[in-house]
Amino acid sequence: ALNSLYGISAKPAFKHLYSENTASDCTYLSRQCINYAIKRLNDAGYFVIYADTDSCLVELGEKNREECIKLSKDISKEISANMPFPWEEFDFKLEDDVSYIQFFKDKQGQLKKKNYLYINKEGKITVKGLDVIKKDCTRLGEYIFNDYLKEQILVNKDCFFEKSYIDLVIKESLEQKGVSILAKRFNIKEEEDYKSKTSIYNLIREKYGTG
């Protein structure tokens, strides 16, 4: 509900909730809070290797884990104390203990935001932002990741593979599952939702309808 209110506050179409500065003020405050948390953690000798909307990924090295958690909670209290409407549940919580993480780059060689894979201490893989988990990904990509790559990533703590190997598993997968596994899912809306009448989505709608 909170995220929905934040989102529509930036859209003039929602005239009773729209406010020119609400969304930008929220993100500006959030950036200040994260920057403050990073500074406090770095000053205490912890290395923040990544920060997201509401989280920090900290490399412990030889530092004490419990002391880091305590410092994080102190930072939460300091931030909350400077808010006009403090919320008692506002807190940095330990989300996961990470044993391996890999970030990914775009075609220009720049690291992508919200685009990484990690393994926690219990041996579970978490994927953030990668195409393989998106709804419009083909089932082929999902199948190859789950049936060929996942176990190797867990064992080797390495998620880079030779192109020749990927080409081979694509060929094997198509032979086993058939070409229909390459199908892509489209969620088709009503005509008025598409500004471009030549977009692939609208062309599919014209031929097959919505759904």
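The values are calculated or read from the model by the stated rules, or taken from the named source; none is laboratory data. Worth saying up front: this structure is predicted, and the values here are computed from it rather than measured. Cβ sites come from the backbone with ideal geometry, for glycine too, and all protein chains shown count toward neighbours. Heads up: the accessible areas ignore ligands, DNA and RNA and are worked out on the full protein's heavy atoms, side chains in. Shrake-Rupley method; radii C 1.70, N 1.55, O 1.52, S 1.80 Å.
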What's the long-distance tail for the chain, i.e. % of Cα pairs beyond 22 Å?
-> 68
Report, in debye and to the nearest 20, how large the dipole of the range 106-145 comes out about its Cα centre when Lys and Arg carry +1 and Asp and Glu carry -1 on their Cβ.
-> 160
Taking the Cα atoms of the range 90-211, what is the range of coordinates along each of the three principal axes, in descending order and whole Å?
-> 49, 49, 29
Please turn the phi angles of the range 96-110 into ³J(HN,Hα) values with the Karplus equation 6.51 cos²θ - 1.76 cosθ + 1.60 (θ = phi - 60°), one per residue in order, whole Hz, x for glycine and proline.
-> 6, 9, 9, 9, 8, 9, 9, 9, 10, 10, 8, 5, 8, x, 8
Quick calc, the chain, dipole around Cα centre from Cβ unit charges on Lys, Arg (+) and Asp, Glu (-), nearest 20 debye, gives 680
Charge tally for neighbours of Leu5 with beta carbon under 15 Å away, counting Lys, Arg as +1 and Asp, Glu as -1, is +1
32 Å Cα-Cα threshold exceeded, pairs from Lys93/Lys150; Lys135/Lys171; Lys163/Lys195; Lys163/Lys207; Lys112/Lys171; Lys124/Lys195 | Lys163/Lys195; Lys163/Lys207; Lys124/Lys195
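Please compute the per residue accessible area over the range 1-157 with all protein chains in place, 1.4 Å probe, rounded to a whole number of Å². Walk me through the numbers before you get to the answer.
Working: 11310 Å² over 157 residues.
That works out to 72 Å² for each residue.
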For the range 84-152, what size does the Cα cloud have along each of its three principal axes, sorted from largest down, in whole Å?
-> 49, 32, 24
Cα-only radius of gyration and Dmax that characterise the range 1-67, units Å = 16.7, 53
For the chain, which whole percent of the accessible surface, found with a 1.4 angstrom probe, sits on carbon and sulfur atoms?
-> 53
